[in-house]
Amino acid sequence: MSRPKPLLEIGSEPILLHIMKLYESYGFRRFILCLGYQGVMIKEYFLNREMRSRDMKLVLSTGQRSFLGPDTKSDWEVIFAETGAKTQTGGRIARCAQYIDTPTFMVTYGDGLADIHLGDLLASHLAHGEIGTVTGVGVNSQFGELKIEGERVVGFAEKPATQSLINGGFFVFQKEFLDYLSVDSNCILERDPLEKLAREGKLKVRRHDGFWRCMDTFKDYQALNEAYAAGIAPWTSSCEDRISENAA
């Protein structure tokens, strides 16, 4: 049985945990997970997380079990919303509308990591007062670029950075954005909802120039694991320090 992408591990933990810990480090502790393909595996992961990570004592005669050592539980509140195995991104958010009880909420995908400052992203969104904010990132081309003069090649640029920005996947919305969405399984966040918001001038972009990587391919998965193993994981930088500050 194959796992859903959010459970693919970077180091010893699923990428989903890395993303949630990034949000936690900025003080966010309430999460709604829009479950799709094999969503029950995500529920089971969280239900069994303590068993996976801690030493355990089991009294066989009574079935009583107790965990030993430091408590590793987070004080998160997590809603696991079954939004359909084949539902598109916009439909998933719309099907969680009943659980969104704040005027402002944040959205991200389950397969992207960045060293983004989520506090600054939220502050920027609240300052401009529009309905939505999307993070824009510049990425390197997957191909080398020829430098030419006329018909003569004068040099090469190895995978140069593109001038335009792409959707970096970290959003902030006002609750009225839900009116732009549909519970229809074919509602794609990045199509009609965001395009309409943009046409109305109610969508702002905040540029992120730091680390960003989406785990679209096996090559991306390998690169993230190699970086993590080498201690080069910018998305984890100072996470523990921020969590400690927020808890103080």
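The values are calculated or read from the model by the stated rules, or taken from the named source; none is laboratory data. Everything numeric here is computed off the predicted structure, so don't read it as measured data. For neighbour counting, all protein chains shown are included, and Cβ atoms are generated from backbone atoms with ideal geometry for every residue, glycine included. The protein model used for the area step is the full one, side chains on, heavy atoms only, and it has no ligands, DNA or RNA in it. Shrake-Rupley method; radii C 1.70, N 1.55, O 1.52, S 1.80 Å.
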Here the residues within segment 99-130 that are touching a strand residue (DSSP E or B) at 6+ places or on another chain (Cβ under 9 Å) and open to solvent by less than 30 Å² (accessible area, probe 1.4 Å) are Ile100, Phe105, Val107, Gly110, Asp111, Gly112, Leu113, Ala114, Ile116, Leu118, Leu121, His125
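Listed here are the residues, each with its yes/no results for (1) among the polar types (S, T, N, Q); (2) farther than 28 Å from Gln222 by Cα.
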residue: Leu7; (1), (2): no, no
residue: Leu17; (1), (2): no, no
residue: Leu33; (1), (2): no, no
residue: Met56; (1), (2): no, yes
residue: Ser66; (1), (2): yes, yes
Quick count over segment 184-202, residues being surrounded by fewer than 19 Cβ atoms within 10 Å (Cβ to Cβ) and out of contact with any Gly (no Cβ under 6 Å at 6 or more places or on another chain), is 11
Exactly one of Gly36, Gly11 is surrounded by 15 or more Cβ atoms within 10 Å (Cβ to Cβ), over 20 Å from Thr108 (Cα atoms), out of contact with any Asp or Glu (no Cβ under 6 Å at 6 or more places or on another chain) and touching a residue at least 40 places away in the same chain (Cβ under 8 Å), and that one is Gly11
Here the residues within segment 48-68 that are more than 30 Å from the chain's Cα centre (by Cα) and open to solvent by 100 Å² or more (accessible area, probe 1.4 Å) are Lys57, Leu60, Ser61, Gln64, Arg65
Restricting attention to segment 203-221, the residues that are open to solvent by 50 Å² or more (accessible area, probe 1.4 Å) and within 13 Å of Ile15 (Cβ to Cβ) number exactly 3
Does Thr87 meet the test of being in contact with a Ser or Thr (Cβ under 9 Å, 6 or more places away or on another chain) and at pLDDT 85 or above? yes
Considering segment 222-237, residues that are in contact (Cβ under 8 Å) with a residue 24 or more places away in the chain, open to solvent by less than 70 Å² (accessible area, probe 1.4 Å) and part of a helix (DSSP H, G or I), and then whichever is farthest from Tyr26 (Cα to Cα), we arrive at Asn225
Pairing a residue in segment 49-64 that is closer than 15 Å to Pro14 by Cβ with any residue that is in a loop (DSSP other than H, G, I, E, B), where Cβ atoms lie under 6 Å and the two sit 6 or more apart in sequence or on different chains, gives Ser53/Thr72
**OP:** Answer yes or no as to whether Lys21 is over 19 Å from Met106 (Cβ atoms) and of a type in the set (Lys, Arg).
**Re:** no
